[in-house]
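The values are calculated or read from the model by the stated rules, or taken from the named source; none is laboratory data. All of these numbers come straight from a predicted model, not from anything done at the bench. Using ideal geometry, Cβ is built from the backbone for each residue, glycine included, and neighbour counts are taken over all protein chains shown. Areas reflect the complete protein model, heavy atoms only, side chains present, ligands, DNA and RNA absent. Shrake-Rupley method; radii C 1.70, N 1.55, O 1.52, S 1.80 Å.
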Amino acid sequence: MADSPVPNGNGGAAAQPDDFTPTLNALAQYAKDLSFENPNAPRSLQPQQQGPQINIQVNVNARQLAEEDFEVELRLEGDAKTGADVLFAFELTYAGIFRLRNIPQDQMHPAVMIECPRLLFPFARQIIADAVRNGGFPPLYIDPIDFVGLYRQKAAEAQAQGGVA
């Protein structure tokens, strides 16, 4: 029985992808902007009668850097309120540089606007949770985001605006 290299994903021998295999690689990830506000501290840190109302907004932006490279920004903004009082507010723009190869042109935009933010989200979620915890509150773990649904919603909004103009 002959020994042959087996791909192991840990730096061992790996099969070489052919020149036509679609690939999406994250080259870098980074926080571009992070803001956390606790405007009513220390009063906001006192026990509350009821849980706060949490509001979160999500936006994805992308720009092409080179033929195969894209910067994708995941922007999360939110706050927690009890009545009219703001307990805390946050803004995070978390970005990554992605290289996309051998992806058909008609699938490029969905790959950039769905798959790239899907890869960024767990890291952005943890940054928000840590910032909220460091602000004196229990960590805020944002529920998973349906990036396919968000993509479809933005596409429908763009189509509606294009039809009106």
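Condition first: among the hydroxyl-bearing types (Ser, Thr, Tyr), at pLDDT 95 or above and assigned to a strand (DSSP E or B). Can you find one or more residues in the range 90-107 that meet it? For the range 90-107, residues among the hydroxyl-bearing types (Ser, Thr, Tyr), at pLDDT 95 or above and assigned to a strand (DSSP E or B): present. None of 85, 143 is acidic (Asp, Glu), touching a residue at least 12 places away in the same chain (Cβ under 8 Å) and either touching a Cys at 6+ places or on another chain (Cβ under 7 Å) or open to solvent by 20 Å² or more (accessible area, probe 1.4 Å) (or both) except 85.
Residue 137: within 23 Å of residue 31 (Cα to Cα) and either in contact with a helix residue (DSSP H, G or I) (Cβ under 6 Å, 6 or more places away or on another chain) or open to solvent by 50 Å² or more (accessible area, probe 1.4 Å) (or both), yes or no? Please lay out each step first, then the result.
On the way: within 23 Å of residue 31 (Cα to Cα): yes; either in contact with a helix residue (DSSP H, G or I) (Cβ under 6 Å, 6 or more places away or on another chain) or open to solvent by 50 Å² or more (accessible area, probe 1.4 Å) (or both): no.
When the stated conditions are applied, residue 137 does not pass them.
Would you be able to tell me the number of residues in the range 95-134 that are open to solvent by less than 40 Å² (accessible area, probe 1.4 Å) and among the aromatic types (Phe, Trp, Tyr)? Residues that pass the stated criteria total 2. A count restricted to the range 110-147 and to residues that are over 18 Å from residue 75 (Cβ atoms) and in a helix (DSSP H, G or I) stands at 4.
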